[in-house]
Structure formats: C-alpha cells, structure tokens
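Shown next, in structure tokens, is the structure this report addresses.
All of the numbers you see were taken from the coordinates with simple rules; none came from a lab. All values reported here derive from a predicted model rather than from experimental measurement. Note: ideal-geometry Cβ built from the backbone for every residue, glycine included; neighbour counts use all protein chains shown.
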Amino acid sequence: MIDLLIKNAKTIDGKRIEIAVQSGKIHEVGATMTYDAADVSEELDLGGDSYISAGWIDGHVHCFEKMDLYYDYPDKVGIDSGVTTVIDAGTTGAENVGEFHDLAKAAKTNVFALLNISKWGIVEQDELADLSKIQRDLIEEALAKYGDFIIGFKARMSKTVIGDNGIIPLEMAKDIQAQHFKELPLMVHIGSAPPVLEETLSLLTAGDIVTHCFNGKDNGILDRSRGQIKAFAWEHYRRGLVFDIGHGTASFDFDVTETAFSEGMKAHMISTDIYSRNRLDGPVFNFPTTLAKLHVVGYSWSEIIEKVTLVPAEVFKLEGKGQLVAGYDADVTIFDRVESTQTLVDSQGNERQANEWLQPVKAIVGGKQYDINL
Ligand SMILES: [Zn+2]
C-alpha cells in the first residue's frame, strides 16, 4: 500500500517527477508512475506547477528554547519555512545537550546538534574564555548517550568568545576530534581577531566547516584594499574545508560574497544562523530569504537547492537524507518560484533587489505533510 503519491511535480531543473511514499520512506521515484487507485491511500497532485526537492536542510540554526542569548523553536526555524531538517550549531554543550535532545524530539522538524566544546554551550557570550569548561570526559559521556543526535562539534573562534585564550580552544577541539571522533566534523565560527583567520583555518582539516565564511569583518577572507580574496583563504578552500554561509545577525556581506563569486569561489553550504531575534527583526527573517540573497549574487537555483540538500547531508553524514531516491527518508519540500521585486539587506546594511525567490508551500517529514504559510 502506498501512503502518499505525489503526482505532476517538477524538479528545479524543470524535469517532471513523481514520488511514491510508503511507511515514511521514499518507495519509488519516476517521471510518471501508475498505481492502482486501490493501492494508494492519498494522492497529492501538484498539477505541473510546483517544484519539489529533497527536504531542505539548514546546517546552522539555534533552536534550544531554554537559552537566553541565542534561542528559538525548531519548528519556527524549520518546518514553518520549508526546512525539514535543522542542525543546531553549538547552542548546547555536554552538560545541557540532553535537555535539548528531549525537547527537540517533540518537534515536527528533524533536529540534530553540533556539540559546543564548552560544556554549557552559549550560556554566556565568552564560552571559551575559561578552558576548564572544555572537558573531554563530559563530551565522551554526551556522545555515548546522544550519539544519534550529536553529529559534530562546534567551536566559536572569535574575540568576544575566547577571552585571552587565543587559538588554544581550537587546538583542544581538534585534539578531541582527532583522538576519539574522527568521523564527526567540526564547525568553526569565524569573526573578529584574535585569533587571526589564517591561524584558525590552518588548524582545520578537510571536511571541517567554516561558518560565517562571507562575513564582512576585517579578519575575514576579503582583502578590501586590493578588492580580492586573500590568497590563504583560497588555499584552504581548495584543500577541502567546507565554506558555509551562516548568515546570522552580523556575518553575511554582499560585497564579500560577490567578490568571491567573481573569482569562482562559492559557498559549499547555505545556512542561516537563524534564531528568534534575527528571525523577527532581520536581517535573516527566514530560510528562503537567505536563498534569495545567494541567487541575487549569481548562484543558480539548482546549485542553491544542492547546497541545502545533498551537500549538508554529505557534510554531516545524514544517512537517508538530501536526495530523492528510493529507500531514503520521505523528507520533501514543495515550493513555487515566485517573481516579484523585494529588497534584500545583508548584515552590513547593504541592499540588493531580488526579482525571484522560492516560496515553500508544503513540507513532508518522514511521510507526514505540513502546509506552510510563510
Ligand atoms: Zn550561530
């Protein structure tokens, strides 16, 4: 018995696609599919108008509601904007990830966590100023208990976070990762110096994630006096570090993104760094707004979709996610391409005009349908 048959949809490249869903998994995918009506519980006919992709994945959000600094609710940053999977980037550490895990289970959106190497996560802005908060035994315990939920580590390496510790917290993070958990990627937040960016990037290994990659700070990848991307940034990009947008309140700059684009450097992954304040007051607002910003810079819609489905699923090793293939989870985003003019603002206050964006209309998580009114 087919639980749900999605008819007359198209991919972002305009190819016709139909999907049969059974027991929360994708049962079959094809251009057209015929089932006996008696074998189908529900049919969803998109009439050839709407697009579908694998469920969107936002690789950097903050959605543990119990925090004071950066908090939100998984479904507010997830399903409500067409995102079927969110990855909380280090809001919690070993001491409070359990509470987050229990709360997140109730969400409609799939939730995973990157474990902050500091034991309480971002309880205060300078969580890495006190090195005694980085405790390997606590991290090991948390991983043993919540191994399905924790899919990587997070270290915020910028001036306001590290106190007088320079690069030491990152060395400790790499050490923990290397000795015990090689398969788990480390996401590093970059920002103002210290530490200087070149030193931070030098410590990372291929597969690690550099979030806020196109921030507009002096310690970023753009050499403003020469109007070009710093040579060392190119080197680390080429050797396999994953560049992630992580838009956030202060970390996405059109000028940097455009200069990088003109030199052939694109972010691998597109994420929002969304939480209640930058969702309600901007400049993030929601996931599709961040996607529209990359489209204005020149990214094609098909590469944008790849950077929010296939790529994050591979980077975070999310089994059964990121692609529309038989046997994978039935996580699907249904959306329209809408044409109309809208002003987009980056974290620096720079404006660009968008003429087109993706409007999610429905999300399916593990076979369950949710309507979206964004
Ligand atoms: Zn963040």
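Expected output is a single nm value to one decimal: the length gained when fully extending between Val29 and Lys182, i.e. 0.36 nm times separation in residues minus the C-alpha distance. What is it?
Numbers: separation 153, 0.36 × 153 = 55.08 nm, distance 3.44 nm.
51.6 nm is the gain from fully extending Val29 to Lys182.
Can you pull the one-decimal nm distance between simple spin-label points at Ala144 and Ser225, each 7 Å off the Cα toward Cβ?
Taking the simple label geometry, Ala144 and Ser225 are separated by 5.4 nm.
Could you check the simple spin-label distance between Phe232 and Gln359, using points 7 Å along Cα→Cβ, in nm with one decimal?
With each label point 7 Å from Cα toward Cβ, the separation is 4.7 nm.
Got the relative contact order for the chain handy, in percent, Cα pairs under 8 Å and 6 or more residues apart?
Numbers: 910 pairs, mean separation 69.5, N = 374.
After rounding, I find 19 percent.
Need one number: nm distance between label points at Asp255 and Asp218, each 7 Å from Cα along Cα→Cβ, rounded to one decimal.
Spacing of the two 7 Å Cα→Cβ label points: 1.4 nm.
Quick one: among Leu115, Leu280, Leu310, which has the greatest mean-square fluctuation in a GNM of the chain with alpha-carbon springs under 10 angstrom?
Leu280
Between Lys105 and Glu198, what FRET efficiency comes out of the Förster formula 1/(1 + (r/R0)^6) with R0 = 30 Å and r the beta carbon distance, rounded to 0.05?
Details: r = 41 Å, r/R0 = 1.36.
FRET efficiency, Glu198 to Lys105: 0.15.
Between Thr272, Thr32, Thr249, which gets the highest mean-square fluctuation from a Gaussian network model of the chain, Cα cutoff 10 Å?
Thr32
Give me D for the stretch 17-160 in µm² s⁻¹, whole number, from Stokes-Einstein with Rh from the Kirkwood sum over alpha-carbon pairs, 25 °C and 0.890 mPa s. Don't skip to the answer; put the middle values down first.
Values: Rh = 17.3 Å.
Estimated diffusion coefficient is 142 µm²/s.
Could you give the distance between the Cα centres of the stretch 173-215 and the stretch 289-367, to the whole Å?
25
Along the Cα-to-Cβ line of Glu43, 7 Å from the Cα, sits a label point; which residues in the stretch 1-30 have backbone N less than 15 Å from it?
From the stretch 1-30, the list is 2-9, 18-21.
Rg and Dmax of the stretch 55-315, using alpha carbons, in Å: what are they?
16.8, 50
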